[in-house]
Amino acid sequence: MVSAARMETFLAVARHGSIRRAAAQLHITEAAVSAAVAHIEKLLGAKLIAKSGRGIALTEAGRVYAEYCRGILGLMKEAQAAVRRAETGRLRIGVVATAGEYVLLRPLASFRRRFPDIELSLSVHPRDALFLELQHHETDLVIAGRPPRDTGLVVRARRPSRLVVVGLPELDPLHTTWLLRGRGSGTREATLALLDQLRIEPPVLTLGSHGAVLAAAREGLGVTLIHSDAISQDLENGALRVLPVEGTPLDRPWHAITTRTPTPTTRLFLAHLLDPAEVGSDAFHPH
């Protein structure tokens, strides 16, 4: 039987592609990391890592085993949280950047005031990474677009939102640069699909963050497709304008998503998120 500690050690090696960096993260010796991996390989009768250039890489068996380790360790932590009282439990929320900045903060603040003893954590990642974390039980609840089919994830609630094209008023969306989010972003995918629908191939500029895209749009570097939640202040002060583009606005509601077995604390937060008396206009609606 492989212990949870050895699984954690192996996953650190898998993440970093380095015995040395894994040891530094875990605050143990490199010899201890190597011994843990060797112990697992002996028990499994399979080679999990191999040298690759100056570092190491997972073998196919290593990649498969890493996926199982993530799921097993996530379930172990979820099981510990599931038996605690909801009001004193732990809640790990994952959000895409726009939702984190413009959708979730006020409901999260009011939830914290109601339940100060709950241990809260918030992580911001691209949509695809969030769904993967949720599938591995590394996150309890995700606020993002709709999850892919056949993932086993469950949409518990929705909040309306639209995607609109914004930029400086003098820009023609059909003949200017389009500003894109990084890979793994649902908004990026929606933008590329819209360009296909419009049958245009404009210049594109990829920027790594939501804030960078908005800043570039304000400076006139191009136009971008973005959630209406994120631009109310820019529209009010005239920094940006919604531009008419065929096929827009796009209906892209926010979704509150969990696994099939949400913890008591997760269910408590969902109830809060659905209660207009507690969160006002930020409330979600049952799915």
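The values are calculated or read from the model by the stated rules, or taken from the named source; none is laboratory data. The shown structure was predicted, so the numbers you read here are calculated from the model rather than taken from an experiment. Neighbour counts are summed over all protein chains in view; Cβ atoms, including those assigned to glycine, are modelled from backbone coordinates with ideal geometry. The accessibility values were calculated without ligands, DNA or RNA, using every heavy atom of the protein model including side chains. Shrake-Rupley method; radii C 1.70, N 1.55, O 1.52, S 1.80 Å.
Of all DSSP beta bridges confined to the chain, the antiparallel ones make up roughly 65%.
Taking 0.36 nm per residue of sequence separation and subtracting the Cα-Cα distance, how much length would be gained by fully extending the chain between E8 and V155, in nm to one decimal?
On the way: separation 147, 0.36 × 147 = 52.92 nm, distance 2.96 nm.
Separation in residues times 0.36 nm, less the Cα-Cα distance, equals 50.0 nm.
Surface analysis of segment 242-287 yields an accessible area of 47 Å² per residue, using protein heavy atoms and a 1.4 Å probe.
At an R0 of 30 angstrom, the distance between the Cβ atoms of S232 and E201 translates into a FRET efficiency of 0.45. For segment 166-176, 3J(HN,Hα) computed residue by residue from phi via the Karplus equation (6.51, -1.76, 1.60; θ = phi - 60°) reads 10, x, 6, x, 7, 7, 9, x, 7, 9, 8 Hz, glycine and proline entered as x.
Carbon and sulfur: what percent of the chain's accessible surface (1.4 Å probe)?
On the way: 7830 of 14780 Å².
Whole-percent figure for carbon plus sulfur exposure: 53.
Overall shape of segment 32-163 was characterised from the C-alpha gyration tensor. The equivalent ellipsoid obtained from it has semi-axes of 34, 19, 14 Å, in decreasing order.
R63 contributes about 120 Å² of solvent-accessible surface, heavy atoms of the protein only, 1.4 Å probe. Amide H contacts under 5 Å for G167: R241, L243, restricted to partners 5 or more places along the chain or on a different chain, H placed in the peptide plane at 1.01 Å from N.
Please check the chain for the longest run free of GluC sites (Glu not before Pro) that are loop-located per DSSP (anything but H, G, I, E, B) and have at most 15 other Cβ atoms within 10 Å. Show your work: numbers first, answer last.
Values: sites that count: E170, E219, E246.
In short, 1-169.
The 3J(HN,Hα) values that the Karplus relation (6.51, -1.76, 1.60; θ = phi - 60°) gives for segment 101-114 are, in residue order, 8, 10, 10, 9, 4, 5, x, 5, 5, 5, 5, 5, 5, 6 Hz. Gly and Pro appear as x.
Heavy-atom accessible surface of segment 73-232, averaged per residue, reaches 47 Å², computed with a 1.4 Å probe.
Put K77, K42, K47 in order of accessible area, highest first, and with a 1.4 Å probe you get K42, K47, K77.
Considering only V166, L198, W254, the residue lying farthest towards the positive end of the dipole of segment 158-287 is W254, judged by Cα position with unit charges set on Cβ.
Run the numbers on segment 40-99 and let me know its relative contact order in percent, using alpha-carbon pairs under 8 Å that are six or more apart.
On the way: 26 pairs, mean separation 10.3, N = 60.
In percent, rounded to a whole number, it is 17.
Here the 3J(HN,Hα) profile of segment 122-139, calculated from phi with Karplus coefficients 6.51, -1.76 and 1.60 at θ = phi - 60°, is 10, 10, 10, 9, x, 3, 4, 5, 5, 5, 5, 4, 5, 4, 8, 6, 8, 9 Hz, Gly and Pro shown as x.
In the chain, Cα pairs under 8 Å separated by at least six residues give a relative contact order of 22 percent. Computed about its Cα centre, the charge dipole of segment 160-287 is approximately 440 debye, with only Lys, Arg, Asp and Glu carrying charge at their Cβ. Working from label points 7 Å from Cα in the Cα-to-Cβ sense, the A35 to S209 distance is 4.2 nm.
Using Cβ point charges alone (K and R +1, D and E -1), the dipole size of the chain about the Cα centre works out to roughly 960 debye.
With +1 on each Lys and Arg Cβ and -1 on each Asp and Glu Cβ, and nothing else charged, work out how big the dipole of segment 139-229 is about its Cα centre, in Debye to the nearest 20.
Details: 11 positive and 9 negative charges, 85 e Å.
The dipole of segment 139-229 has a size of about 400 debye.
Under 5 Å from the amide H of I49 lie the amide H atoms of T59, each residue being 5 or more positions distant or on a separate chain, with H modelled from the backbone and absent for Pro and chain starts.
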